[in-house]
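Scroll down for the structure; my scribbles are underneath it.
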Amino acid sequence: MYLLVLPVAVVVVGLVVWSIAAQRGKQRAQREALEQLGFRPCPEQKQWLEETVARIENNRGFRYEVLDPKRLPGEPAVYHYVKMRHSDNREDAVAEEEILFPLKRPSGAGLLLTVKPSSLAPGLATRMLGALATGPWDAQPDDLHRLEIPPDLKDTNLVGALGPSGARLYDLVDTSTLSVVQGLGDAGGMFVQFRDSWCAVASASAQIPFQAGEIVARIRPLL
């Protein structure tokens, strides 16, 4: 039995070590990429960022923690950090990479948009994605509800929208911003959230690369 178990144990340990090394390599490459973009650590902004994230999310069921905050030099301020979503009902927190920047809009009301990559053609899959993104999930902001997507935006990269009850999408965001937002899914920024004078672009999952450099390049016209 020992001779049978030993090879399996060696393989399992090897896989764990490989996974840890791969994750560390990915994190190191990410740090280097952010440094090349000009992002610099700003630990003094951690508390303010956590308060700002909590206001944007507006969800009483979760507590939000900001890890490894960084900022681009100069104005306007552009931040990058890892957002941890904690809940008393779950053992593990949910982590998302996020970029935060100031944005002028027609309204300061909350708005959450879900966009897809251009490589995913419109059809049943995108309709299902939109339905899931705007469903009654516990992670959705408390004050937002599903909005109707205007006819001219059907079959585009915008697949879902949440906003105040009874609001119209174009009352909350202008066409130039929507044009930029629709391209963020190609860079891994599938969730775009607005509130007050801020916009946050978040990753969808660890399986979809969050290309911070590409996202920063795409949002430049809005800064």
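The values are calculated or read from the model by the stated rules, or taken from the named source; none is laboratory data. Small disclaimer: the values here were computed from a predicted structure and weren't measured. Cβ coordinates were reconstructed from backbone atoms using ideal geometry, including for glycine residues, and neighbour counts include every protein chain displayed.
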Any hit, segment 119-131, residues being closer than 17 Å to Gln182 by Cβ, crowded, with 18+ Cβ neighbours inside 10 Å and in contact (Cβ under 8 Å) with a residue 60 or more places away in the chain: no
Segment 73-92 - residue that is farther than 29 Å from Leu37 by Cα and surrounded by 11 or more Cβ atoms within 10 Å (Cβ to Cβ) and, of those, farthest from the chain's Cα centre (by Cα): Arg90
Which listed residue is in contact with a strand residue (DSSP E or B) (Cβ under 6 Å, 6 or more places away or on another chain) and modelled with pLDDT of 85 or more, from Leu129, Leu112: Leu112
Given (1) without any contact (Cβ under 8 Å) to a residue 60 or more places away in the chain; (2) under 16 Å from Ala202 (Cα atoms), number of the condition Ile99 does not satisfy: (1)
Cβ-Cβ under 9 Å pairs, at least 6 apart or on other chains, segment 50-75 side part of a loop (DSSP other than H, G, I, E, B), far side surrounded by fewer than 18 Cβ atoms within 10 Å (Cβ to Cβ) and among the β-branched types (Val, Ile, Thr): Phe62/Val94
Long-range neighbours under 6 Å by Cβ, at least six apart or interchain, first residue touching a residue at least 12 places away in the same chain (Cβ under 8 Å) and surrounded by 11 or more Cβ atoms within 10 Å (Cβ to Cβ) within segment 133-152, second among the β-branched types (Val, Ile, Thr) and in a strand (DSSP E or B): Ala133/Thr114
Segments classed as strands (runs of 3 or more DSSP E), wholly inside segment 145-223, with at least 2 members that are within 12 Å of the chain's Cα centre (by Cα) and either at positive phi or not polar (S, T, N, Q) (or both): 191-195, 198-202
